[in-house]
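A single structure is presented below for examination.
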Amino acid sequence: MSTTLVEENANPGQRAAERVKNRMDPLIDQHLAAHGEGTKSPCRPTAESLFDEKCLAAATSIGAIAEAALAEIEGVDEPGFATLRQASAHTAEAARGYAELDCADNPQDPATRSKCVDHGSVIAQAPRDLMDGLRLGLAGQ
């Protein structure tokens with residue numbers, strides 16, 4: 001992803017959004033290279049790897065990125081982080097839930113498996129959601 005250059009006369013919210021985007025873009029790029037997203041994610045609901053270490057590694061990676069994004073925007077009073085905050089919180093929750101349910105150990109309980117599938121769906125989609133949140137942050141949304 002390319003670095004965005006905010007104009008010198010940008011408001012504090014735009015400058016904060018660019019700072020966060022510049023910090024998060026390389027982390028998301030690394031995650032995508034290692035784990036993919038969407039239909040290429042090991043956590044997609046139809047993947048056999050949803051219940052093994054490949055998805056756990058992706059969940060751990062994207063969960064750490066989401067937590068880092070939340071830490072970056074914590075206490076920032078400027079507008080523009082609503083979407084990123086929501087996507088990051090949702091992603092972090094899914095990554096924690098996946099780990100807490102031991103989804104990578106191939107649980108056999110149908111209710112647990114269903115929750116693992118739900119968490120996997122969020123994890124697979126998370127890179128796109130986080131990137132959208134970063135772009136919308138630059139737009140002040």
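The values are calculated or read from the model by the stated rules, or taken from the named source; none is laboratory data. Everything quoted here is computed from the prediction, not taken from an experiment. No Cβ is skipped: glycine too gets one built from the backbone with ideal geometry, and neighbour counts run over all protein chains shown. Note: areas computed on protein heavy atoms with side chains; ligands, DNA, RNA excluded. Shrake-Rupley method; radii C 1.70, N 1.55, O 1.52, S 1.80 Å.
What is the residue count in the stretch 77-108 for residues that are farther than 17 Å from Ala17 by Cβ and of a type in the set (Gly, Ala, Ser)?
Qualifying residue count for the region: 7.
I'm told Arg44 meets every condition in (1) closer than 26 Å to Lys115 by Cβ; (2) of a type outside the set (A, V, I, L, M, F, W, C); (3) part of a helix (DSSP H, G or I) except one. Can you identify the failing condition by its number?
Tallying (1) closer than 26 Å to Lys115 by Cβ; (2) of a type outside the set (A, V, I, L, M, F, W, C); (3) part of a helix (DSSP H, G or I), Arg44 fails exactly one: (3).
Another question, if that's okay. Does Arg113 qualify as being charged (D, E, K, R) and within 13 Å of Lys21 (Cα to Cα)?
Working: charged (D, E, K, R): yes; within 13 Å of Lys21 (Cα to Cα): no.
Judged against the criteria, Arg113 is not a match.
I need a count of the residues in the stretch 94-115 that are surrounded by 15 or more Cβ atoms within 10 Å (Cβ to Cβ) and hydroxyl-bearing (Ser, Thr, Tyr).
Number of matching residues: 1.
Considering the stretch 24-68 alone, what residues qualify as being free of Cβ contacts under 8 Å to residues at least 60 places away in the same chain, among the polar types (S, T, N, Q) and surrounded by 14 or more Cβ atoms within 10 Å (Cβ to Cβ)?
Passing the criteria: Ser49, Thr60, Ser61.
Are any of the residues in the stretch 52-68 modelled with pLDDT under 95, more than 13 Å from Leu130 (Cβ to Cβ), among the polar types (S, T, N, Q) and part of a helix (DSSP H, G or I)?
No, the stretch 52-68 contains no residue that is modelled with pLDDT under 95, more than 13 Å from Leu130 (Cβ to Cβ), among the polar types (S, T, N, Q) and part of a helix (DSSP H, G or I).
Search the stretch 69-89 for residues being open to solvent by less than 40 Å² (accessible area, probe 1.4 Å) and part of a loop (DSSP other than H, G, I, E, B), and hand back the single one that is modelled with the highest pLDDT.
For the stretch 69-89, the residue satisfying everything is Phe81.
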